[in-house]
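Engineer: I'd like to ask some things about the structure below.
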Amino acid sequence: MNVWYINSILGAICLEEENDALCGVHFCPDGAPELEPLPRRVVETPLLQEAEEQLNEYFAGVRREFDLPLAAKGTPFQQAVWAQLRKIPYGEVRTYGQLAAALGNPKAGRAVGSACHRNPLCIVVPCHRVIGADGSLTGYAEGLDIKEYLLELERF
């Protein structure tokens, strides 16, 4: 696995690539670590460079969709939820219940929330666009302050 750390308006972000696909995007609350355990290699590849460029464009407000090869690891249900997340248009939100209904199981809102929490590709797979049934900003693995910032960036 190749790993690259970038700086953003919201702090350090770790990008992970495996088999020529992006498999991880997450914030590093304590900044980029100096050493990574094997088998990770801190190296900038063309794909990680492209991911950094697209994230910078997103933060600058000029990119609304990401065009990167993705390979998130998860259960079939998680994969289905993450596919639904990618269908939420920039600047729009959905509730956990709406996503559950779109998956054909309207009572699976909590399971959808759990899958969102385990999303390994934050921002690129936009779990920040999911809100509570009452319109509240509920759970976000990267922190509610980051979720609020991303939604505001998209003019929520």
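Engineer: If you plug each phi of the range 81-87 into the Karplus form 6.51 cos²θ - 1.76 cosθ + 1.60 with θ = phi - 60°, what whole-Hz ³J(HN,Hα) values come out, in order, with x for Gly and Pro?
Structural biologist: Per residue, the Karplus-derived 3J(HN,Hα) values read 5, 4, 5, 5, 4, 5, 8 Hz.
Engineer: Could I ask something else about it? So who's got an amide H within less than 5 Å of the one on ALA12, skipping anything under 5 residues away but keeping other chains? H placed 1.01 Å off N, in plane.
Structural biologist: Under 5 Å from the amide H of ALA12 lie the amide H atoms of CYS28, GLY31, each far enough along the sequence or on another chain.
Engineer: Here is a follow-up. At a 1.4 Å probe radius, which order do GLU53, GLU142 fall into by accessible area, largest first?
Structural biologist: Sorted by accessible area, descending: GLU53, GLU142.
Engineer: Further question: Viscosity 1.306 mPa s, temperature 10 °C: what is the translational diffusion coefficient of the chain from Stokes-Einstein with a Kirkwood Rh over Cα pairs, rounded to a whole number of µm²/s?
Structural biologist: Translational D for this selection: 99 µm²/s.
Engineer: Please list 3J(HN,Hα) in residue order for the range 117-132, calculated via the Karplus relation 6.51 cos²θ - 1.76 cosθ + 1.60 where θ = phi - 60°; whole Hz, with x for glycine and proline.
Structural biologist: Rounded to whole hertz, the list is 5, 9, 4, x, 10, 4, 6, 5, 9, x, 5, 5, 8, 9, 10, x.
Engineer: Then there's this: How many nm is it between the label spots at ASN56 and ALA71, if each spot is 7 Å from the Cα in line with the beta carbon?
Structural biologist: Between ASN56 and ALA71, the simple spin-label model gives 2.6 nm.
Engineer: If R0 is 30 Å, what FRET efficiency do you get for SER136 and ALA21 from their C-beta distance, rounded to 0.05? The partial results should precede the final answer.
Structural biologist: Values: r = 34 Å, r/R0 = 1.13.
E between SER136 and ALA21, to the nearest 0.05, is 0.30.
Engineer: In degrees, nearest 10, range 0 to 90: what is the angle between the Cα axis of helix 46-59 and the longest Cα principal axis of the chain?
Structural biologist: Relative to the chain, helix 46-59 is tipped by roughly 50 degrees.
Engineer: Rolling a 1.4 angstrom probe over the protein heavy atoms, how many square angstrom per residue are accessible across the chain?
Structural biologist: Heavy-atom accessible area per residue stands at 53 Å².
Engineer: Further question on the same structure: Mind giving me the FRET efficiency for ALA12 and GLU92? R0 is 41 Å, r the Cβ-Cβ distance, nearest 0.05 is fine.
Structural biologist: 0.90
Engineer: Okay, moving on. Take the solvent-accessible surface of the protein heavy atoms, probe 1.4 Å, and return the percent of it on the range 2-156 that carbon and sulfur atoms account for.
Structural biologist: Here carbon and sulfur together make up 51 percent of the probe-accessible area.
Engineer: Please give the contour-minus-distance gain from ASN105 to VAL42: 0.36 nm per residue of separation, less the Cα-Cα distance, rounded to one decimal in nm.
Structural biologist: On the way: separation 63, 0.36 × 63 = 22.68 nm, distance 4.10 nm.
Full extension from ASN105 to VAL42 adds 18.6 nm.
Engineer: A further question on this structure: Loop only by DSSP, 11 or fewer other Cβ within 10 Å of the Cβ. Give me the trypsin sites (Lys or Arg not before Pro) in the range 106-147 that pass, ordered by residue number.
Structural biologist: Of the trypsin sites (Lys or Arg not before Pro), the ones in loops of the range 106-147 whose Cβ has at most 11 other Cβ atoms within 10 Å are LYS107.
The values are calculated or read from the model by the stated rules, or taken from the named source; none is laboratory data. Remember, predicted model here, so these are calculated numbers, not experimental data. Reconstructed Cβ throughout: ideal geometry from the backbone, glycine too, with neighbour counts over all protein chains shown. The protein model used for the area step is the full one, side chains on, heavy atoms only, and it has no ligands, DNA or RNA in it. Shrake-Rupley method; radii C 1.70, N 1.55, O 1.52, S 1.80 Å.
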